[in-house]
Amino acid sequence: DGPLAVAAIDLGATSGRVMLGVVDHGRIELVPAHRFENHLVERDGHLCWDLDALWAQIRRGLAEARDLALVRGLPGLASIGVDSWAVDYALVGPDALDAGGAAVPGSGERQGEVIAYRDSRTDGVAGELARRVPRAEQFARTGIAQQPFNTLYQLAAEHRLAALPAGSTLLMLPDMIGYLLTGRRRTERTNASTTGMLAADGSGWDPALREAVGVDPALLAPLIAPGEQLGTVRPALGAELGIGEVPVIAVGSHDTASAVLAVPAEGPGPVAYISSGTWSLIGLEVEAPVLTEEAREAGLTNEHGVDGTVRLLKNVAGMWLVSESIRQWEEEGAQVDLAELLAAAAAVPGDRFRFDPTAPAFLAPGTMADRVTAAARPLTEEHHAPSTPAELVRCILESLAETYRDELRAACALAGVPQPTRLHVVGGGSRNALLNQLTADALGIDVVAGPMEATALGNVALQSRALGAFTGGRAEIRALVRASSELEKFRPSPRQDAPWEGARTPGDAVAGRS
Ligand code: LRH
């Protein structure tokens, strides 16, 4: 059959994009329709997301995606899929009634701001909740690592629930966008698992945890699985954007679920990956959650993926450490170019400083360069603290690489699988050649970098399968991704203590798409 055009809405913590995905002859071509910045804003005394601004950018992006499809002689958009970062939610009031007393889909008013997961309202909350539902029990029930920002802890700190009008719903961020598009209220399963409130077997909400944070079952929308159709774009909106009443398909709406679906792995053995962006999510794709006490103590989580998979992974602060450091330097008046900074970091001597990038201390924004400098311990006697941006970035990247090694080892041991022979790095961070090489050196295995837009590819791939463009499971999707991307391999340096050679500038290593 002919080519298929779909739109992928992919929201990240620092940038969002609407991509046109053209699926044709076993390949996906991704065409950026609209990219926009995203950042935290301070409102009502909290760190929030500017949902109205995001929604305006999304509308513009959909109209542009449709124009791009038409320019290519395609009949328009065949469907839309939405993903974003996990754990955050909007509260929406009931739909308004029309003159005849019928509910108007999509007209429910947002009840306050969308508070961001880096807001300090959850400080100390997980500890308090653990006195009511012990940590071991929480983990056994859900398989989710107890990170301060989990929706569960945000809800425990949520003061707005009691005042909500009857008929209000909690919608995870991508589900909120889905609601604005279609008027349908659903909770997509992969993202539901990140709440810390979904039963580990995915069967439904865990009543004990839901009750522990005072959430009425009526506040939660029914679950929907990735691949199911959420609804169609509301007629008025479809007309306004010129896209018509397009189907909206639930994808792996947790960005990491879509990214890992698009890991271009091939062959037997568990898939080992880093989804590298604001966070570095490192781990394995497994068939069932690992719910042991050891897994909990290791800080590993079991997030639900597409097609019943589970991601046994660790959240490691990733490029956030670099981007927030740059933000500090720029606020202090410096002009920083990321490519130049990484080239400088490749040129300074390594193995001087280390710190723990999994420490919750790095969750909050602000003065990141100072905080990492203070946390960095010297590995030699002559050097006391990183003293230049290049040294600090080198310290961040080396610390990340060693953390990847330790966390992947832990995940393999706990899952009872051998160490993989290859690690896939996907997402924006996969363009960081220095980090890829340091990772290959630290792990002693090949690192395969790319695709950079894995999340959008996973989003597009699932939509196109739902539309019947192909049949099959992850193997077919991954073959489609391989056919659509250029990958770059980083081999471990012969000697681990050899200085990193090659000093390729990051630009050379960009995995361009053919
Ligand atoms: C990455 C991500 C990650 C979550 C975090 C909140 O964007 O979705 O998987 O842990 O954001």
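The values are calculated or read from the model by the stated rules, or taken from the named source; none is laboratory data. Worth saying up front: this structure is predicted, and the values here are computed from it rather than measured. Neighbour counts run over all protein chains shown; Cβ positions are idealised from the backbone, glycine included.
Screening Gly444, Gly468, Gly472, Gly428 for residues that are surrounded by 15 or more Cβ atoms within 10 Å (Cβ to Cβ) and either more than 27 Å from Pro3 (Cβ to Cβ) or not polar (S, T, N, Q) (or both) leaves exactly one candidate, Gly428. Reported count of residues in the stretch 174-215, each being crowded, with 24+ Cβ neighbours inside 10 Å and aliphatic (A, V, I, L, M), is 7.
For every residue, the table says whether it meets (1) under 20 Å from the mean Cα position of the chain (by Cα); (2) on the phi > 0 side of the Ramachandran plot; (3) surrounded by fewer than 23 Cβ atoms within 10 Å (Cβ to Cβ); (4) among the basic types (Lys, Arg).
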| residue | (1), (2), (3), (4) |
| --- | --- |
| Val6 | no, no, no, no |
| Thr14 | yes, no, yes, no |
| Asp24 | no, no, yes, no |
| Leu40 | yes, no, yes, no |
| Trp49 | yes, no, no, no |
| Trp55 | yes, no, yes, no |
| Arg59 | no, no, yes, yes |
| Gly76 | no, yes, yes, no |
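What strands (runs of 3 or more DSSP E) completely inside the stretch 174-293 contain at least 3 residues that are under 30 Å from Ala413 (Cα atoms) and within 16 Å of the ligand (Cβ to nearest atom)?
Values: elements: 229-232, 247-249, 272-276, 279-286.
Correct list: 272-276, 279-286.
Counting only helices (runs of 4 or more DSSP H) wholly contained in the stretch 425-514, the ones carrying 3 or more residues that are modelled with pLDDT of 95 or more, out of contact with any helix residue (DSSP H, G or I) (no Cβ under 7 Å at 6 or more places or on another chain) and of a type in the set (Gly, Ala, Ser) occupy 454-466, 474-484.
Is one or more of the residues making up the stretch 273-288 in contact (Cβ under 8 Å) with a residue 24 or more places away in the chain and surrounded by fewer than 20 Cβ atoms within 10 Å (Cβ to Cβ)? Walk me through it before giving the result.
Taking the stretch 273-288 first, the residues in contact (Cβ under 8 Å) with a residue 24 or more places away in the chain are 273-286.
Among the residues that remain, those that are also surrounded by fewer than 20 Cβ atoms within 10 Å (Cβ to Cβ) are: none.
Checked against the condition, which is being in contact (Cβ under 8 Å) with a residue 24 or more places away in the chain and surrounded by fewer than 20 Cβ atoms within 10 Å (Cβ to Cβ), the stretch 273-288 yields no hits at all.
When each of Ala369, Ala343, Ala347, Ala334 is tested for being among the aliphatic types (A, V, I, L, M), over 21 Å from Arg405 (Cβ atoms), crowded, with 21+ Cβ neighbours inside 10 Å and more than 23 Å from the chain's Cα centre (by Cα), the lone residue that passes is Ala369. Does the stretch 406-425 hold any residues that are crowded, with 20+ Cβ neighbours inside 10 Å and either free of Cβ contacts under 8 Å to residues at least 24 places away in the same chain or among the acidic types (Asp, Glu) (or both), and which are they? Within the stretch 406-425, Glu407 is the sole residue that qualifies.
Within the group Gly167, Gly127, Gly143, which residue is farther than 30 Å from Ile80 by Cβ and out of contact with any Ser or Thr (no Cβ under 9 Å at 6 or more places or on another chain)?
Details: Gly167 fails: farther than 30 Å from Ile80 by Cβ; Gly143 fails: out of contact with any Ser or Thr (no Cβ under 9 Å at 6 or more places or on another chain).
Every option except Gly127 fails the conditions.
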